[in-house]
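Following: one structure in structure tokens, then a few remarks.
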Amino acid sequence: MDITVAKTAGFCFGVKRAVEKVYEQIDVSKKQIYTFGPIIHNEEVVKDLEEKGVKVINEPEDIEKIGDATLIIRSHGVSKEIYDIAGKSGVEIVDATCPFVKRIHDIVNKESKKGNTIVIIGNKSHPEVEGIVGWVNGKSYVVSSEEDVDLIDENLCKKLCIVSQTTLNYNKFNNLVEIISKKGYDINCLNTICNATHERQIEAKQIASNVDAMIVIGGKSSSNTQKLYEICKEQCDNTYYIQTVSDLDLCKLNSIKSIGITAGASTPKKIIEEVHANVRNEF
């Protein structure tokens with residue numbers, strides 16, 4: 001069997017940096033370590049950190065209860081409110097927000113202070129988007145469909161600043177921007193999709209279009225992995241979404257001559273290597 005593993009598969013810069021910061025704190029901190037939400041969207045990594053004593057909190061009010069502790073801000077970033085609460089509570093903050101996400105916080109904060117309406121193209125329930133909304137000083141809209149565009153109040157919003165969730169599908173971003181632009185708004189559009197995300201999507205599409213089957217590895221709650229799966233599925237019907245090697249049904253690959261493997265930005269190298277080795281050894 002011909003096996004192609006995507007060069008861009010696995011941890012991106014922001015995720016690698018965030019995970020390393022947690023392990024560094026495990027080694028040096030004498031305080032109890034917490035992360036605000038799972039540090040990344042990968043169950044295996046989160047489980048390993050929990051076994052090493054790292055605890056996860058999910059609500060702003062939980063910060064006030066943890067006392068003299070270390071709070072690590074995950075790669076997705078958080079709202080300004082979280083920093084304010086932690087500061088008032090005397091909690092030590094270790095900020096592992098991805099620099100590319102941090103840049104979006106700065107953009108929406110600055111643009112909204114000018115009086116511009118912020119439009120964030122992305123998933124409203126994704127923690128990255130929730131964090132971005134929390135840096136807006138004024139009106140904002142989260143848009144993920146054409147129907148959402150219709151909810152923008154044309155009477156109140158003339159000048160729009162458009163940004164994107166970093167892990168969004170590039171084509172989806174362009175399509176929605178085009179729909180918004182036809183409404184006649186004064187638009188300042190900033191494509192804030194991470195380059196690593198865009199490159200990963202391009203490579204995944206290229207590999208999937210040239211193989212008999214495609215394996216996409218990543219956590220079920222990982223937005224960027226879900227996007228990879230959707231892109232690969234469009235090119236290759238035999239596309240499988242797995243979290244670890246134990247999820248892989250090799251019987252489905254019996255008659256396959258070529259297979260591609262890619263992985264989301266929160267997937268550890270070890271898991272990718274295990275899947276690759278398992279497929280290679282079986283066939």
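Restrict the check to the stretch 132-154 and report whether at least one residue is within 15 Å of the chain's Cα centre (by Cα) and either in a helix (DSSP H, G or I) or in contact (Cβ under 8 Å) with a residue 40 or more places away in the chain (or both).
Taking every residue of the stretch 132-154 in turn, at least one turns out to be within 15 Å of the chain's Cα centre (by Cα) and either in a helix (DSSP H, G or I) or in contact (Cβ under 8 Å) with a residue 40 or more places away in the chain (or both).
Can you report the number of residues in the stretch 154-173 which are surrounded by fewer than 24 Cβ atoms within 10 Å (Cβ to Cβ), within 24 Å of Tyr229 (Cβ to Cβ) and at pLDDT below 95?
Within the stretch 154-173, residues that are surrounded by fewer than 24 Cβ atoms within 10 Å (Cβ to Cβ), within 24 Å of Tyr229 (Cβ to Cβ) and at pLDDT below 95 number 4.
Scan the stretch 235-283 residue by residue and report those that are closer than 15 Å to Met214 by Cβ, free of Cβ contacts under 8 Å to residues at least 12 places away in the same chain and part of a helix (DSSP H, G or I).
Asp247
Give the residues of the stretch 105-125 that are part of a helix (DSSP H, G or I) and surrounded by 14 or more Cβ atoms within 10 Å (Cβ to Cβ), sorted by residue number. Let's see the steps before the verdict.
The first filter runs over the stretch 105-125 and keeps only residues part of a helix (DSSP H, G or I), leaving 105-113.
Once the filter is applied, which keeps residues that are part of a helix (DSSP H, G or I) and surrounded by 14 or more Cβ atoms within 10 Å (Cβ to Cβ), the stretch 105-125 yields His105, Ile107, Val108, Asn109, Glu111, Ser112.
Does at least one position in the stretch 236-244 carry a residue that is under 21 Å from Ile40 (Cα atoms) and in contact with an Asp or Glu (Cβ under 7 Å, 6 or more places away or on another chain)? Working first, answer last.
As a first pass, look at the stretch 236-244 and keep what is under 21 Å from Ile40 (Cα atoms): 241-244.
Cutting the leftovers down to in contact with an Asp or Glu (Cβ under 7 Å, 6 or more places away or on another chain) gives us 243-244.
Among the residues of the stretch 236-244, at least one is under 21 Å from Ile40 (Cα atoms) and in contact with an Asp or Glu (Cβ under 7 Å, 6 or more places away or on another chain), which makes the answer yes.
Can you find a residue in the stretch 101-116 that is over 21 Å from the mean Cα position of the chain (by Cα) and among the hydroxyl-bearing types (Ser, Thr, Tyr)? Steps first, please.
Initial filter on the stretch 101-116 (over 21 Å from the mean Cα position of the chain (by Cα)): 110-116.
Then drop every residue that is not among the hydroxyl-bearing types (Ser, Thr, Tyr), which leaves 112.
Yes.
What residue, of Ile180, Ile207, is of a type in the set (A, V, I, L, M, F, W, C), crowded, with 16+ Cβ neighbours inside 10 Å and closer than 19 Å to Asn123 by Cβ? Break it down stepwise before answering.
Working: Ile207 fails: closer than 19 Å to Asn123 by Cβ.
It is Ile180.
Can you find even one residue in the stretch 13-20 that is more than 15 Å from the chain's Cα centre (by Cα) and either β-branched (Val, Ile, Thr) or under 26 Å from Thr166 (Cα atoms) (or both)? I'd like the intermediate steps shown before the answer.
Filtering the stretch 13-20 for residues more than 15 Å from the chain's Cα centre (by Cα) gives 20.
Narrowing further to those that are either β-branched (Val, Ile, Thr) or under 26 Å from Thr166 (Cα atoms) (or both): 20.
Taking every residue of the stretch 13-20 in turn, at least one turns out to be more than 15 Å from the chain's Cα centre (by Cα) and either β-branched (Val, Ile, Thr) or under 26 Å from Thr166 (Cα atoms) (or both).
When the stretch 174-189 is examined, which residues are found to be outside any strand (DSSP E or B) and touching a helix residue (DSSP H, G or I) at 6+ places or on another chain (Cβ under 6 Å)? Give the steps one after another, and end with the answer.
Of the stretch 174-189, the ones outside any strand (DSSP E or B) are 174-185.
Scanning the stretch 174-189 gives Ile179, Ile180.
Checking the structure you have, find out if any residue of the stretch 168-176 is within 21 Å of Val129 (Cα to Cα) and in contact with a Lys or Arg (Cβ under 6 Å, 6 or more places away or on another chain). I'd like the intermediate steps shown before the answer.
Just the residues of the stretch 168-176 that are within 21 Å of Val129 (Cα to Cα), to begin with: 168-176.
Subsequent filtering for residues that are in contact with a Lys or Arg (Cβ under 6 Å, 6 or more places away or on another chain) retains 169.
Looking for residues that are within 21 Å of Val129 (Cα to Cα) and in contact with a Lys or Arg (Cβ under 6 Å, 6 or more places away or on another chain), one finds at least one in the stretch 168-176, hence yes.
Could you tell me whether the stretch 255-263 includes any residue that is under 30 Å from His105 (Cα atoms) and at pLDDT 95 or above?
Step one: list which residues in the stretch 255-263 are under 30 Å from His105 (Cα atoms), which gives 262-263.
Right, trim to at pLDDT 95 or above and you get 262-263.
Yes, because at least one residue in the stretch 255-263 is under 30 Å from His105 (Cα atoms) and at pLDDT 95 or above.
Looking at (1) among the polar types (S, T, N, Q); (2) free of Cβ contacts under 8 Å to residues at least 60 places away in the same chain; (3) in a loop (DSSP other than H, G, I, E, B), which one does Asn171 not meet, given that it meets all the others?
Result: Asn171 fails condition (3) only.
The values are calculated or read from the model by the stated rules, or taken from the named source; none is laboratory data. Please read all numbers here as calculations on a predicted model, not as lab measurements. Counting neighbours? That spans all protein chains shown, and the Cβs are built from the backbone with ideal geometry, glycine included.
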